[in-house]
1. In degrees from 0 to 90, rounded to the nearest 10, what is the angle of the helix 61-70 Cα long axis to the longest principal axis of the chain?
2. Set Lys and Arg Cβ to +1 and Asp and Glu Cβ to -1, take the dipole of region 2-79 about its Cα centre, and tell me which of Leu4, Asn69, Tyr57 lies farthest positive.
3. If each DSSP helix of 4+ residues adds -39,500 (n - 2.57) and the sum is divided by the residues in the chain, what number results at 222 nm, nearest 500 deg cm²/dmol?
4. With a sphere of radius 12 Å drawn around the Cβ of Arg52, what net charge do the other residues whose Cβ falls strictly inside it have (Lys, Arg +1; Asp, Glu -1)?
5. Suppose every K and R has +1 on its Cβ and every D and E has -1 on its Cβ; what is the size of the dipole of the chain about the Cα centre, in Debye to the nearest 20?
6. One-quarter of the Cα convex hull surface for the chain, in nm²?
Amino acid sequence: MRSLTYLACVLIVMGLAFWAYRENYRTQTAMGEMSQLQREIAGLREDLGVLRAEWAYLNRPERLRELVNLNFDRLQLIPQESGQVIDLGNIDYPKPPAPPEPDEEGANVAPEE
C-alpha cells in the first residue's frame, strides 16, 4: 500500500512539473509578444509625433496666407470678420412635416397635398 502511495505522489509531482514547464514557455511566449507590441506602439507614437510636426509646419499662418494670396483668383478667400459669425439659435430650420391625422377607423391617413 505504501508503494502505491509513493507511486501516486511521484506521478502527481511529475504532472505538476510538466504543467509548470508548459506554463513557463507560454509565459515567455506571451512576454515576447507583449514586448513586440510595445516596440510597435513606440514606433507608431514616433510616427504620430512626426505627422503632428508636419501638420503644424503645413498650417503655419504665414504659409496659409501666402497660399490664399497665390490662389485668390480661383478661391476668392477673404479674412473672416466677427460680423460673419452668428449664433445657431438665429438660424431658421425648416419645420418638420405634420404627423398624419387618424381617420374614423383609427388608421393614420397621410395629409393631402
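Values quoted throughout were computed directly from the atomic coordinates according to the rules given, and no laboratory measurement underlies them. Please read all numbers here as calculations on a predicted model, not as lab measurements. Virtual Cβ from ideal backbone geometry, glycine too; neighbours counted across all protein chains shown.
1. 50 degrees
2. Leu4
3. When only DSSP H runs of four or more count, the value is -22000 deg cm²/dmol.
4. With Lys, Arg at +1 and Asp, Glu at -1, the net is -2.
5. My answer is approximately 1720 debye.
6. Averaged projected hull area, Cα only: 25.4 nm².
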